[in-house]
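The values are calculated or read from the model by the stated rules, or taken from the named source; none is laboratory data. Treat the numbers as computed from the prediction; the structure is a model and nothing was measured. For neighbour counting, all protein chains shown are included, and Cβ atoms are generated from backbone atoms with ideal geometry for every residue, glycine included. The protein model used for the area step is the full one, side chains on, heavy atoms only, and it has no ligands, DNA or RNA in it. Shrake-Rupley method; radii C 1.70, N 1.55, O 1.52, S 1.80 Å.
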Amino acid sequence: MPPPAGDDPADEPAREPAPTPEPVPVLREPRDGVPEPITTEAQLAAVVEAVRAGRGPVALDAERASGYRYSQRAYLVQLRRAGVGTVLVDPIALPDLRPLNDALAGVEWILHAATQDLPCLSELGLAPAGLFDTELAGRLLGDERVALGTMAEQHLGIGLEKGHSAADWSTRPLPYDWLVYAALDVELLVDLRDVLAAELERTGKIGWAQQEFEAIRTASPAPPRIDPWRRTSGIHRLRNRRQLAIVRALWEARDAYAAERDIAPGRVLPDSAIVEAARVAPATARDLLELPIFGGPRQRRRADRWFAAIEAGRALPDAELPPVTGGNGDGIPAPSRWRERDPQAAARLTAARAVITGIAEEHDVLAQNLLASDVVRRLAWAPPSPLDAATVAAQLTELGARPWQVELTADALAGALAAAVAAASRAQPGGRVET
């Protein structure tokens, strides 16, 4: 039977092709040029006076040499303020920037991902009296992609020419295109801050943001990591405590050497070589040189150092061998082991995570910014008693949650944890719930 009239696809009007989106204009150089980094006390004094006379907030950024150097010091500092323009400072030549800090007394600082830069800026004598973090503001607004270039494109409609974030900023002299990149990092920060602040006001989140910014600004330095050697890439393939002892000894020997020479540890000896040496546990230094990487000229010169570490790990008494799995320094096992160690705690964690995910979606904020995963972990492992909204709120505050986070989550977390506890109390020893 022929198709009804009008059903022939040939009768349908041709569809218009989807319009091609207009390309976003890309800012390839700062609008008022690329300044030369200042390197003298006289230049710094002139900048200090200009900054003191400037207007409005100041945009700041710092470049480190992560992946090249052991230290996390700043190798370039960028700032921009109305009435001043962009200034690049060489902190190798000018390691004391306290006069600049004095000139910025009471001025709001704008940084992108402030937690990355504040420690190295503090080493130079720079510390903000007020802070606006554009990356964190984006997260509170639900942005999942928060790179500076992405956010500038999304919120300002302007692209940024990027590409040197992984450069060795300890290089001197700095190439021109690197200086362009550095200057562009602060070119749009003030504009981006204004747009984000307006959106935070519109969505009722400006108070949340202010609490978060202040928490970052006043945060104490992060404590040393517990067992940092356990972050060696590929260590999960080792399950023998003796092998782990060798990894630890090699990691510590590499770390000491890297710190002494200010070289990134991965450039001294890659993680893959440490794991392979621990797996094979060569009997002699000659055997060590047969392994990949260790046979190269640089590693041959350091072979005695690495083999001594292997021997130290091999000779360690059994009682001193590291456990197969590490902890967080608080006695709480990794969440992946909760179901085996404490099924009830695992159930509480699942319930708490579901609550956080739901509230985050409701308020269009990323879950990790609604409540830190470590806070959720600690709360689920050892919930307060009695288990009600007031005690949960008190424990959240003690664990470092900000007031806005407590207000949004305490009631729901108390209910979910109480329900998980009640379900566990009804469960039979075999784990089945009575019906």
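Which order do 236, 164 take by accessible area at a 1.4 Å probe, largest first?
Details: 236 120, 164 50 Å².
Output order, biggest surface exposure first: 236, 164.
Loop sites only, by DSSP: take the GluC sites (Glu not before Pro) in the chain that have at most 12 other C-beta atoms within 10 Å and name the longest stretch containing none of them.
On the way: sites that count: 144, 290, 434.
That gives 145-289 as the longest site-free run.
Expressed as cubic angstrom per residue, what is the convex hull volume of the alpha carbon set of the range 53-144?
Spread over its residues, the Cα hull of the range 53-144 gives 107 Å³ apiece.
From the gyration tensor of the Cα coordinates in the range 129-204, what semi-axes in whole Å does the equivalent ellipsoid have, largest first, with each one equal to sqrt(5λ)?
Working: eigenvalues 146, 32, 24 Å².
Semi-axes from the Cα gyration tensor: 27, 13, 11 Å.
Please state, as a whole number in µm²/s, the translational diffusion coefficient that the Stokes-Einstein equation yields for the range 87-231 at 10 °C and 1.306 mPa s, with Rh defined as the Kirkwood radius across alpha carbon pairs.
After rounding, the answer is 94 µm²/s.
Given the whole protein assembly as supplied and a 1.4 Å probe, what does the accessible area of residue 92 come to in Å², nearest 10?
In the full protein context, residue 92 sits at about 80 Å².
Suppose accessible area is computed on protein heavy atoms with a 1.4 Å probe; arrange 32, 117, 411, 342 from highest to lowest.
Correct descending sequence by accessible area is 411, 32, 342, 117.
Among 207, 336, 369, which residue has its Cα furthest toward the positive end of the charge dipole of the chain, with +1 on Lys/Arg Cβ and -1 on Asp/Glu Cβ?
336
Please list, by residue number, every one of the trypsin sites (Lys or Arg not before Pro) in the range 78-141 that is coil in DSSP and has at most 16 other beta-carbon atoms within 10 Å.
none
Binning at 20 angstrom from zero up to the longest distance, how are the C-alpha pair distances of the chain distributed in percent?
Going out from 0 Å in 20 Å bins, the chain shows 20, 41, 33, 7, 0 percent.
Students often get this wrong: which residues of the range 166-201 have the backbone nitrogen under 17 Å from the point 7 angstrom along Cα-to-C-beta of residue 298?
Answer for the range 166-201: 167-171.
Taking just the alpha carbons, could you work out the radius of gyration and Dmax for the range 336-435, both in angstroms?
Cα-based Rg and Dmax for the range 336-435 come out at 13.5, 41 Å.
How do 170, 233, 385 rank by accessible surface area computed with a 1.4 Å probe, from largest to smallest?
Ranked from most to least accessible, the order is 385, 233, 170.
Around residue 38, which amide H atoms from residues at least 5 apart in sequence, or from another chain, sit under 5 Å from its own amide H, with H modelled in the peptide plane?
Hits under the 5 Å cutoff: 88, 89, 90.
In whole angstrom, note down how far apart the Cα centers of the range 339-392 and the range 177-207 are.
Cα centroid of the range 339-392 versus Cα centroid of the range 177-207: 32 Å apart.
Could you work out, for the range 209-271, what percent of all Cα-Cα pairs fall into each 10 Å distance bin, beginning at 0 Å and stopping at the bin that holds the largest distance?
Result, from short to long distances: 18, 36, 22, 18, 6 percent.
Given the DSSP H assignment, sum -39500 (n - 2.57) over each helix run of at least 4 residues in the chain and divide by its residue total; what's the result at 222 nm in deg cm²/dmol, nearest 500? Could the numbers behind the result be given before it?
Values: 20 runs with 212 residues, N = 435.
That calculation yields -14500 deg cm²/dmol at 222 nm.
What percent of all Cα-Cα pairs in the range 275-370 falls into each 10 Å bin, going from 0 up to the bin containing the maximum distance?
P(r) for the range 275-370, in whole percents per bin: 13, 24, 19, 16, 19, 9, 0.
Would you kindly state how much longer the chain becomes between residue 391 and residue 214 on full extension, computed as 0.36 nm times their sequence separation minus their alpha carbon distance, in nm to one decimal?
Using 0.36 nm per residue and subtracting the Cα-Cα distance, I get 61.2 nm.
Using a 1.4 Å probe on the protein heavy atoms only, what accessible surface does residue 181 show? Give it in Å² to the nearest 10.
Roughly 20 Å² of residue 181 is accessible to a 1.4 Å probe.
Please compute the contact order of the chain in relative form: average sequence separation of alpha-carbon pairs under 8 Å and at least six residues apart, divided by the residue count, as a percent. Show your work: numbers first, answer last.
On the way: 574 pairs, mean separation 57.5, N = 435.
Relative contact order of the chain: 13 percent.
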